[in-house]
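Everything on this sheet refers to the single structure shown next.
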Amino acid sequence: RSVVAVPEGLDVGDIDLADTDILIQGVASTAGQYAQSRFRYLISRWIKRTMDLAVSSVGLAVNLPVLLLVAAAIKLTSPGPVFFRQRRCGRGGREFSLVKFRTMVKDAERMQAQLRPLNEVDGPVFKMENDPRSTPLGRLLRRYSIDEVPQLWNVWKGEMSLVGPRPLAAREMKFCPAWRDARLKVRPGITGLWQVGGRSKTSFHDWIRLDIEYVRERSTLLDLKILLKTLLVVVRGLGSY
């Protein structure tokens, strides 16, 4: 009953799901309504990208000394590269290289297969509160989401947005094609409804619900609310392993 069937070839972002009359088996709108919704969508998309560029540019410039200090600390405290890079899916399924500060030992991905039975969350991702692969510095960086700051570079390049669904690899979304297709309608974000809703403390079912809710209800006001809540979550160090 809560599923909306969108005609093939029509982007979810091309219609305003909040103002347009929706039928359970399809979407009904007049030509005038569609043009108005399309205009609002384009304006909203322009505002979002402008905000992404402005915040990522200022953020990278202001945080440059901190980024250099963190990079030096990582290099001095554990062997391996400063940054962790991994292929993730962006808008429309286009892959990009996500960049984060490395918070684990050099062979962490290889060790994950052995630790899989100890996974403490449901869904396609792997999480452990006391992950033996994490470095002491890495645990501190993750608690306050400092490891995510380099993703401002992905935002600046247009591969990510400040707000959106968490960027995942294609293999992590194969369990739920409907969820995958919905979340790939928008750019992935550094933060989103799932992150401010508890991150590692929420269930996989809630994660799916929050991603789809964001895609359907996204707006400039919602993005601003999520960014404000993110600051509160990060400062308090909530919900992150």
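The values are calculated or read from the model by the stated rules, or taken from the named source; none is laboratory data. These figures come from a predicted structure and were not determined experimentally. Cβ coordinates were reconstructed from backbone atoms using ideal geometry, including for glycine residues, and neighbour counts include every protein chain displayed. Areas reflect the complete protein model, heavy atoms only, side chains present, ligands, DNA and RNA absent. Shrake-Rupley method; radii C 1.70, N 1.55, O 1.52, S 1.80 Å.
The modelled label-to-label distance between S57 and H205, using points 7 Å beyond Cα along the C-beta direction, is 4.6 nm.
Loop-located trypsin sites (Lys or Arg not before Pro) in the range 176-231 (DSSP state other than H, G, I, E, B) with a sparse environment of at most 13 neighbouring Cβ atoms within 10 Å are absent. Available extension along the chain between S219 and K174 is 13.5 nm, counting 0.36 nm per residue and deducting the alpha carbon span. Between R139 and R116, the contour length at 0.36 nm per residue exceeds the Cα-Cα span by 6.4 nm. Spatial offset of the range 152-175 relative to the range 57-102 amounts to 14 Å, using the alpha carbon center of each. Percent of accessible area on the range 141-228 owned by carbon and sulfur, 1.4 Å probe? With neighbouring chains kept in place, the figure for the range 141-228 is 60 percent.
Straight Cα distances below 19 angstrom link K106 to the lysines K75, K127, with same-chain residues fewer than 8 positions distant left out.
Annotation: extensible slack from D107 through S78 equals 9.3 nm (criterion: 0.36 nm per residue apart, minus Cα-Cα distance).
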